[in-house]
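The values are calculated or read from the model by the stated rules, or taken from the named source; none is laboratory data. All figures in this text were calculated on a predicted structure; none of them were measured in a lab. When we count neighbours, we look across all protein chains shown, and the Cβ atoms used for this are built from the backbone with ideal geometry, even at glycine. The protein model used for the area step is the full one, side chains on, heavy atoms only, and it has no ligands, DNA or RNA in it. Shrake-Rupley method; radii C 1.70, N 1.55, O 1.52, S 1.80 Å.
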Amino acid sequence: GENVEQHPSTLSVQEGDSAVIKCTYSDSASNYFPWYKQELGKRPQLIIDIRSNVGEKKDQRIAVTLNKTAKHFSLHITETQPEDSAVYFCASRWTGRRALTFGSGTRLQVQP
Amino acid sequence: NAGVTQTPKFRVLKTGQSMTLLCAQDMNHEYMYWYRQDPGMGLRLIHYSVGEGTTAKGEVPDGYNVSRLKKQNFLLGLESAAPSQTSVYFCASSYSRSGGQEEQYFGPGTRLTVT
């Protein structure tokens, strides 16, 4: 089955700096890669996603890049703010399956 | 719309007891999922359903059963609870976009403790 590895497990940055979280996946047939944000005690919420026919996608301060050859994708957050502090999960979806496989999560802390 | 709701929010069980977690969605989504979330392990898929009357196993199905008798509801059952099932349980639902790719909407979670 699909395996998703996520790094780092924790990340601390100063407010205004950039943050990068990286994930690798194992199944070359995976075609959908979402990122979820989970604040403490809350439910995961989708913040951005990318399909396998696209190399990069941006939404304001958030961007995701995908390298299909290397089977890795990354989340980039620029000009970080304290409200960006949360746990971020990457995930992948294999073409022949409806469900997502999640990474183990990255706890991002933005220091004011 | 309420989105995805879960009941109960919290529950404490003794080893060997049984219970059912209820997930409901009012978005007319075809697909529904049950995950468990443990510290440092992300979200792991227990069971999922691609439509009313159908269910399938995920990564960690042992000790759980599910039913999808109505499109809007997905039930997760624990027949004989074990301490290893102490976790936060999330239900999610999704629709199907063209190309088979979809976004998942999560419920608020159920915190279950088995003593």
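Worth pointing out:
- With respect to the stated conditions, A:Val64 fails to be at pLDDT 95 or above, open to solvent by less than 10 Å² (accessible area, probe 1.4 Å) and in contact with an Asp or Glu (Cβ under 6 Å, 6 or more places away or on another chain).
- Number of residues in the stretch B:25-75 that are part of a strand (DSSP E or B) and not hydroxyl-bearing (Ser, Thr, Tyr) equals 19.
- Any chance A:Val4 is within 11 Å of chain B (Cβ to nearest Cβ) and open to solvent by 10 Å² or more (accessible area, probe 1.4 Å): yes
- Residue match in the stretch B:83-99 (condition: open to solvent by 30 Å² or more (accessible area, probe 1.4 Å), under 20 Å from A:Pro44 (Cβ atoms), in contact (Cβ under 8 Å) with a residue 24 or more places away in the chain and not in a loop (DSSP other than H, G, I, E, B)): no
- Strands (runs of 3 or more DSSP E) within the stretch A:71-112 that include 3 or more residues at the interface with chain B (Cβ under 9 Å from one of its Cβ atoms) and closer than 20 Å to A:Ser30 by Cα: A:86-94
- Count - residues of the stretch A:30-56 that are within 14 Å of the chain's Cα centre (by Cα), more than 10 Å from every other protein chain (Cβ to nearest Cβ) and open to solvent by 80 Å² or more (accessible area, probe 1.4 Å): 1
- If you filter the stretch A:12-29 down to residues that are over 26 Å from A:Glu79 (Cβ atoms) and not small (Gly, Ala, Ser), you find that the one that is surrounded by the most Cβ atoms within 10 Å (Cβ to Cβ) is A:Tyr25.
- Set B:Val50, B:Val12, B:Val4: member being of a type outside the set (Asp, Glu) and at pLDDT below 95: B:Val50
- Qualifying residue in the stretch B:41-60 (condition: more than 9 Å from chain A (Cβ to nearest Cβ), in contact with a Lys or Arg (Cβ under 6 Å, 6 or more places away or on another chain), touching a residue at least 24 places away in the same chain (Cβ under 8 Å) and open to solvent by 70 Å² or more (accessible area, probe 1.4 Å)): no
- In this entry, B:Tyr89 is excluded by the filter for residues that are within 30 Å of A:Arg107 (Cβ to Cβ), within 11 Å of chain A (Cβ to nearest Cβ) and under 14 Å from the mean Cα position of the chain (by Cα).
- Among the candidates B:Glu30, B:Glu103, residue that is free of Cβ contacts under 8 Å to residues at least 60 places away in the same chain, closer than 29 Å to A:Asp49 by Cα and not small (Gly, Ala, Ser): B:Glu103
- Qualifying residue in the stretch B:3-15 (condition: open to solvent by 30 Å² or more (accessible area, probe 1.4 Å), farther than 20 Å from A:Lys42 by Cβ and assigned to a loop (DSSP other than H, G, I, E, B)): yes
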